[in-house]
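The values are calculated or read from the model by the stated rules, or taken from the named source; none is laboratory data. Remember, predicted model here, so these are calculated numbers, not experimental data. Every residue, glycine as well, gets a Cβ built from its backbone with ideal geometry; the counts of neighbours run over all protein chains shown. The accessibility values were calculated without ligands, DNA or RNA, using every heavy atom of the protein model including side chains. Shrake-Rupley method; radii C 1.70, N 1.55, O 1.52, S 1.80 Å.
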Amino acid sequence: MSSSLTALVGFAVWTIALVFLLANVRLAVSMRSGKAVNSFSPDGGDTEGFPQRLTRVHLNCLELLPVAAAVILAAAVSGNGAVTDPWAMILLYARLGQSTVHMIGTSVPLVLIRATLFVVQLIILAVWSYRLLTM
């Protein structure tokens, strides 16, 4: 499997892992607080601290995964994997880093690191898209 497809699967696996982690965190909060498990806000706004950040991390992955999938799959299907392969794992590592930093906290330095890692992902996807569209 190409590095692009490996990175895409890695992104999907990370998103799935976050779902399992989020479900377990919500279950723990529910058991500790008595909050009904079916009453959590989809955006995490009804929780504080780690559960809220984890919800946002999961949603952030869901927001970017389709874009990454579209670009990587377009490259693969068109036979232009050479466009995405060199930076594919960097895209994945930037996503993993962004998620991890977000779960750690929301201090100004952490937010700046997180934003930088997100911008790296956007630049990679924009460059890939441009290259694919201009071939």
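Going residue by residue through the range 111-119, is there one that turns out to be over 17 Å from Ser2 (Cα atoms) and part of a loop (DSSP other than H, G, I, E, B)?
no
Please pick out the residue among Leu8, Leu59 that is under 19 Å from the mean Cα position of the chain (by Cα) and either open to solvent by less than 30 Å² (accessible area, probe 1.4 Å) or of a type in the set (Gly, Ala, Ser) (or both).
On inspection, the qualifying residue turns out to be Leu8.
Can you tell which of Val19, Val37, Val111, Val13 is surrounded by fewer than 14 Cβ atoms within 10 Å (Cβ to Cβ), more than 21 Å from Leu133 (Cα to Cα), in contact with a helix residue (DSSP H, G or I) (Cβ under 8 Å, 6 or more places away or on another chain) and free of Cβ contacts under 8 Å to residues at least 12 places away in the same chain?
Val37
Of all residues in the range 47-71, count the ones that are assigned to a helix (DSSP H, G or I) and farther than 28 Å from Thr134 by Cα.
11
Within the range 120-135, how many residues are farther than 13 Å from Ala68 by Cβ, part of a helix (DSSP H, G or I) and of a type in the set (S, T, N, Q)?
So the answer is 0.
Considering each of Ser99, Ser30 in turn, give the residue that is in contact with a His (Cβ under 9 Å, 6 or more places away or on another chain) and in a helix (DSSP H, G or I).
Answer to the check: Ser99.
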